[in-house]
1. What are the trypsin sites (Lys or Arg not before Pro) within the range 91-193 that DSSP puts in a loop, where the Cβ has at most 16 other Cβ atoms within 10 Å?
2. Rounded, prolate or oblate: which fits the chain when a ≥ b ≥ c are the square roots of the eigenvalues of the alpha-carbon gyration tensor, with rounded for a/c under 1.5 and prolate only if a/b beats b/c?
3. 222 nm [θ] for the chain, helices only, -39500 (n - 2.57) per DSSP H run of 4+, per residue, to 500?
4. Among 288, 274, 165, flag the residue with its Cα farthest along the positive direction of the charge dipole of the chain, charges on Cβ as +1 for Lys/Arg and -1 for Asp/Glu.
5. Report, in degrees rounded to the nearest 10, the 0 to 90 angle that the Cα long axis of helix 168-178 makes with the longest principal axis of the chain.
6. Quick one: net charge around residue 273, please, counting Lys, Arg +1 and Asp, Glu -1 for every other residue with C-beta under 13 Å from its C-beta.
7. Can you give the angle from 0 to 90° between the axis of helix 19-29 and the longest principal axis of the chain, with both taken from C-alpha atoms, to the nearest 10?
8. Between the helical axis of 109-125 and the dominant principal axis of the chain, each derived from Cα atoms, what acute angle in degrees is found, rounded to the nearest 10?
Amino acid sequence: MVLHHSLQTILSRTGSFPLHFAYSLLKSIAPRDAIIFDPFCGKGTTLLAARMLGHRAYGLDVAPEAVICSNAKLASIDLQSVTRYLTGLRLTPPCKPDVPHAIRTFYRRSTLNQILRIRSVLLNDIESKQKSTKDNATFVLANLLGILHGHASYSLSISSAHAYSMSPEYVRRYALKNGLVPPHRNVVTCLLQKVFRSLKDTAPSVVKGCVKRGSVLNCTRIFPELKGNVDVILTSPPYFNSQTYPKDNWLRLWFLGYDHKALRSDYIETGSVSRYEVLMGNAFRQIAMMLKPGGVLVCVAGDVRHKHTLNGKKSVRTINTAELIARICASSAVGLRIEHMTRHGVRSSSRYFHALHQSNGHGSRPMIERVFIARKP
């Protein structure tokens, strides 16, 4: 089955599973008007699928840009209201903007000034008590994060990757070598183009739900009303240090007012297998408490290559992340019953993958991804 929705194009982010996968799974296993929860919600694929099916949708993530994007996929918006909001923005110059030199590598001064002016309005409006203002601002902000860097005709930066923030020093050297300069953009015009693309399909009917920022290790305290009431959890946890989300989103985080280095401790990001097992054990104990009796957990996890030293020799081994997590879920400490596990190959030719592995960006490499289903007795 191939299924798309234009809301999925709001923001490119590494590590997402396909919308049709989430939609098909929820359609087959979720009861009517189910409560769906994703404690590692990322760009909100699970939540969008739940909305399309009319389920209640709740998400949690430590990443600020992920929370914005996921909330945008639950917002009550339409093309007319977003366009009216965007074209009606009253922009004033920001007060003494302090912009690091690294940021200036990506933007022409005139474009950057517009970005800063729009940012101040959007960050204020997403805190509005008026729901229509809050929803429209959230949606526009998510789309602005989506064009903050990239190589589309409406991207605001010098030509660069869409899904992750490139190193400013690499961008500077590459631009110098190839004669590239940051483009002049009318930011509102570019946002309108992006919004038209994101709302090419009519937004599904609004469902009850929300996305909050926080750690999975605290999910029962962050969502006390959901504890013991969730029908389906569909999620994909961090893959044992193979994704470095704060670093990969440093430019978006700067835009939102964060220092990616200061946020790093909030993320589950470790190169130690034993430490990863402890973190996943703590995480899935919390996750299991969110499920109602008979509730279902669907977990997506990829195999990861792990470099290590044994007897003084460096070697690489493959860690079956799904099997490791399934073993934790089946332990007495978590108490879930594993019902099914599948395995399939994925060929990655993404720019992100090749940037990590220093290849030329034109090859592909088989990767193994696994899905297991567990049930709370």
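1. Details: sites: 104, 108, 109, 117, 119, 129, 131, 134, 172, 173, 177, 185; in loops: 108, 129, 185.
Loop-located and lightly packed - 129.
2. Details: a/c = 1.89, a/b = 1.26, b/c = 1.49.
It comes out oblate by the Cα gyration axes.
3. Numbers: 16 runs with 151 residues, N = 377.
It comes out at -11500 deg cm²/dmol, rounded to the nearest 500.
4. 165
5. In the chain, helix 168-178 runs at an angle near 60 degrees to the longest axis.
6. Values: positive: 275, 305, 307, 317, 327; negative: 277, 323.
Neighbourhood net charge equals +3.
7. The two axes meet at around 40 degrees.
8. 60
None of the figures in this text is laboratory data; all of them are computed from the coordinates on show. Every value quoted in this text rests on a predicted model; they were computed, and no experiment measured them. Please note: Cβ atoms are built from the backbone with ideal geometry, for glycine as well, and neighbour counts cover all protein chains shown.
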